[in-house]
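Note sheet for the following structure.
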Amino acid sequence: MVSQGSSPSLLEALSSDFLACKICLEQLRAPKTLPCLHTYCQDCLAQLAEGGHLRCPECRETVPVPPAGVAAFKTNFFVNGLLDLVRARAGGDLHAGKPACALCPLMGGASAGGPATARCLDCADDLCQACADGHRCTRQTHTHRVVDLVGYRAGWYDEEARERQAAQCPQHPGEALRFLCQPCSQLLCRECRLDPHLDHPCLPLAEAVRARRPGLEELLAGVDKNLAELEAARVVEKEALARLREQAARVGAQVEEAAEGLLRALLAQKKEVLGQLRAHVEAAEEAARERLGELESREQVARAAAAFARRVLSLGREAEILSLEGAIAQRLRQLQGCPWVPGPAPCPLPQLELHPGLLDKNSHLLRLSFENQQSQKDSGKEGAGSQGGEEAQGHGEDGATMERQGAAQPQSRDGAQTPKEDRAQVPQENGAQTPKADRAQTPREGRSQVPQEDGEVQTAGGGRSNKKRKFKGRLKSISREPSPAPGPNLEGSGLLPRPIFSCSFPTRMPGDKRSPRITGLCPFGPREILVADEQNRALKRFSLNGDYKGAIPVPEGCSPCSVAALQGAVAFSAGARLYLISPDGEVQWRRALSLSQASHAVAAMPSGDRVAVSVSGHVEVYNMEGSLATRFIPGGKANRGLRALVFLTASPQGNFVGSDWQQNSVVVCDGLGQVIGEYGGPGLHGCQPGSVSVDKKGYIFLTLREVNKVVILDPKGSLLGDFLTAYHGLEKPRVTTMVDGRYLVVSLSNGTIHIFRVRSPDS
C-alpha cells in the first residue's frame, strides 16, 4: 500500500498545469496528443487545423493533420486516467451534502441512494456503509479494494487508485482495454479482439509493456543525456554572455578613460603651443615697439628742422635768410646723411604643423580587436608564462585582460596610474599593434615618458624632470608601454576596486499609485536592502536578487526621505523630523529638526546603536533612546554656516563622509568633526557631489548624477578614478548604499536598482 503522505504529490504535480489545455486554458476535454507529445483538447485542435496542417502552440512545430481529421490523433489515455481520478475526487451526486451511493438505486429501486461513505477503487463506485459491507462479502467483489470516502477525497489513495484504474475502450463503453495488437499497434478490448483483429498476434497489456519498456527507457536515457548537454551548453552560453557584458562594460570604461587621457594630452599640447605662440608674438611686439619709438623720435626731429627751414625761406628777409643759410644747410645735410629709414626687422611668421594621423580619416587612435574565448585562454596562458608570476596572477582571475590587446594606459585625474585591467587599446601610428611579447619583455627602466597637463615630463620612477616638453605645434604619439608605478593614493597596489554586475530590478509594486522616487537606501538584515520611496510614502524591502519582501509601515502622512537601519529599528527623516520606528512600524520616538534645510541625510553608525543626521551644516548623533549623544561641525566652529551636508554616510572605520553642496566638495571627518580630507577638484566635472557610500576597506564611492558616473576616492578623500559610467547602465543615478561592504546598490531616477559586486584589488 502506498503511504498516505506521498499520495497528494501526484495531483499537486499534475492537476494544476499538466491537465490544462494550453489553448483554452481549461481542463482537457477529449485530449489528443500530437507527434511532438503536446496534448490539447480535440475541439481546440480542430480550430487550429488549416490546409491539412496545424502548428503546435508551444513548440511551433508544423504537424500534418490525418485524413480523418484531428480525431485521428492519438488519444492520451494517460491524461484520461488522471482526469477520471480528478473527476472522481471532485464529482458525484450530493445528498444531504454527501455523494449518493451508486448501488442502492440498482438494488432497491429507489430514485436516489443513501449517502456514500466508502468507495470501491476497482469498480470506481461510491458506496453507502451497507453496500460497502456487502461489496466485501460477495464472491465476485470480495477482492476489490474498498476505502474510506473521506480519505479518498483527500487524495490518500490516489496512487493506489491509479494502479487499479483501467483504460476504457472508446468504441465499446464499459469495456476495459486489455490487449495490444502487435501488427496494428492498437489497444483492444475483448470486443475489439474478436473482429477484425482475431487473426492478429496480440499480447496482454502487461506483457506488451514489459517487452517495450526497455526500448523506451533506452531512448529516454539518450534524451536525458541530450538534456544534460543542452543544460551544460545553456550554462556555458549564459556565462559567455555574462562575460561579454562584463567585458563590454570594462572596455567601455577603458575607452572613456583612454579618450579622456588623449584629450588631456591634447589640451596640454594646445596649452603649450598657444604659450609658444603668445611668447613669440610678445617678443616681436616688444622689438617693434622699440623700433617704432626710435623712428617716431627721428621723424619728430626731421619735421621740426624742415618746418624751421620752410618758415625762414617763406617769411625771412634776404639778410635773415643769408645769415641762417649756413646753419640750416648743415642741419639738413646732417639729417639727409643719417640712415633714418632702415628696412623692417626680420620677424618669422608662425605656422602650425599637424600630425598626419589627425588628417587621415582611416587613422584611429582607439580601435577594438575581437578574439574568441579559446584564443583568449591560450594567449592568457602564454602571457602568464612570459610575464612572470605577478602578471600571471592578474590574468588568472578573469581569464583574459586588456594587456594583450595593445593597451595604452592613460592616467587618472590626479595623475595616478590606471589599473591594468582597465586599459584601453591604442594602436600604433601606422595602425599596427604593439606585439605582446615585446611589451612583456620591456624593462621598467625603458618605459616611455608620459606628458602631464603642466607640460612637464614624468619619468619611469614616478618623478618629474625639469626639462620642458617641446611639442613644436605637433601632437606626439601616445606611449604604448605601461605607465609608471602608481602614487601613494592607491596604497601601492596598482589596482582599484572594480565593479562586477550582479542584477537589476524595478521597485514599482502593484499597489504603487505613482512612479517610485527613491530618496534613500540602506542595508537591512542579511542580504536585504531598505528602499525609501518618497513618492509613494513607503519603506520597501528587497533582497539582493530583487525579490520583494514587503514594506515597513510608516506613520500616516510621512514621506520617508533618507533611511538607516539600526539594531532592531529603522531611522528615517521626513520633512523636518527624525523618526525611529520598529520593524512593525511602531514609532519609538521622533525629534524635530531645523527647518532651514530641505532634506536631512541619515546614517547608521557602525555599532548599530546610534544614528547620525545632518542638520544645517552640522551633524547630530542620537542614541537608541532618542537622546543627543554628540554634535559637531566638520572642521570646527570656524566653519559654522559654511557647510551644507546633503548626503551623509558613516564608514566602517567610524569616520563620516558627506557631500557638501555649499563648498561643492566631499568632506571626510572623524567622530569629533576633525577634517581628515576633502576633495573638490576637477574630477567632480563641475557637478554637485551626490550620494556617498563606503566599502569595508574605506574606499569612497561618490555619485555624480549629471554626468552619469560613480567615482571612487581613497579613504582620505583623494580622487582615484571612475568606478561606474554610462557604459554600466547608469542613467541619472540618484542614491547608493553599500551592503556587507562588498555590494554597491545604485538607484536610478526611474526607480530601477542596479547591484554591483565590488571586487577589491587583492581578491
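Restricted to strands (runs of 3 or more DSSP E) entirely inside region 560-611, those with at least 1 residues that are among the β-branched types (Val, Ile, Thr) and either under 19 Å from ILE529 (Cα atoms) or outside the structural domain of SER659 (by the TED database) (or both) are 563-566, 569-574, 577-581, 602-604.
Checked against the criteria, GLY617 counts as open to solvent by less than 10 Å² (accessible area, probe 1.4 Å), in contact with a helix residue (DSSP H, G or I) (Cβ under 8 Å, 6 or more places away or on another chain) and under 22 Å from ILE700 (Cβ atoms). Condition first: open to solvent by 50 Å² or more (accessible area, probe 1.4 Å) and assigned to a strand (DSSP E or B). Now tell me which residues in region 41-70 satisfy that. Selection gives GLU50, HIS53, ARG55, THR62, PRO64.
For region 73-106, taking the residues that are of a type in the set (D, E, K, R) and touching a Pro at 6+ places or on another chain (Cβ under 8 Å), the one that is modelled with the lowest pLDDT is identified as ASP93.
Restricting attention to region 107-148, the residues that are open to solvent by less than 30 Å² (accessible area, probe 1.4 Å) and either part of a loop (DSSP other than H, G, I, E, B) or modelled with pLDDT under 80 (or both) add up to 6. Going residue by residue through region 596-606, is there one that turns out to be open to solvent by 50 Å² or more (accessible area, probe 1.4 Å) and more than 21 Å from ILE676 (Cα to Cα)? Among the residues of region 596-606, at least one is open to solvent by 50 Å² or more (accessible area, probe 1.4 Å) and more than 21 Å from ILE676 (Cα to Cα), which makes the answer yes. Scan region 621-645 for residues that are surrounded by 13 or more Cβ atoms within 10 Å (Cβ to Cβ) and in a loop (DSSP other than H, G, I, E, B) and the total you get is 9. State all residues of region 45-88 that are under 30 Å from GLU159 (Cα atoms) and not aliphatic (A, V, I, L, M); if no residue qualifies, say none. Matches in region 45-88: GLU58, PHE73, LYS74, THR75, ASN76, PHE77, PHE78, ASN80, GLY81, ASP84, ARG87. Scanning region 545-559 for residues that are assigned to a loop (DSSP other than H, G, I, E, B) and of a type in the set (A, V, I, L, M) gives a single hit, VAL554. In region 646-741, counting only strands (runs of 3 or more DSSP E) that sit wholly within it, the ones holding 2 or more residues that are open to solvent by less than 30 Å² (accessible area, probe 1.4 Å) span 656-660, 665-669, 692-694, 700-704, 709-713, 719-724, 733-739.
Tallying residues that are closer than 21 Å to LEU83 by Cα and touching a strand residue (DSSP E or B) at 6+ places or on another chain (Cβ under 8 Å) within region 128-155 yields 6.
Of everything in region 271-292 that is more than 14 Å from LEU352 (Cα to Cα) and of a type in the set (Gly, Ala, Ser), the residue that is nearest to the chain's Cα centre (by Cα) is ALA279. As for region 262-274, it holds no residue that is part of a helix (DSSP H, G or I), touching a Ser or Thr at 6+ places or on another chain (Cβ under 6 Å), of a type in the set (Asp, Glu) and modelled with pLDDT under 90. Taking region 484-512, which residues are part of a loop (DSSP other than H, G, I, E, B) and either modelled with pLDDT of 90 or more or in contact with a strand residue (DSSP E or B) (Cβ under 9 Å, 6 or more places away or on another chain) (or both)? Matches in region 484-512: PRO484, ALA485, PRO486, GLY487, GLY494, LEU496, PRO497, THR507, ARG508, MET509, GLY511, ASP512.
The values are calculated or read from the model by the stated rules, or taken from the named source; none is laboratory data. All figures in this text were calculated on a predicted structure; none of them were measured in a lab. A quick note on method: Cβ atoms are made from the backbone with ideal geometry, for glycine too, and the neighbour counts reach across all protein chains shown. Calculation scope for accessible area: heavy atoms of the full protein, side chains included, ligands and nucleic acids excluded. Shrake-Rupley method; radii C 1.70, N 1.55, O 1.52, S 1.80 Å.
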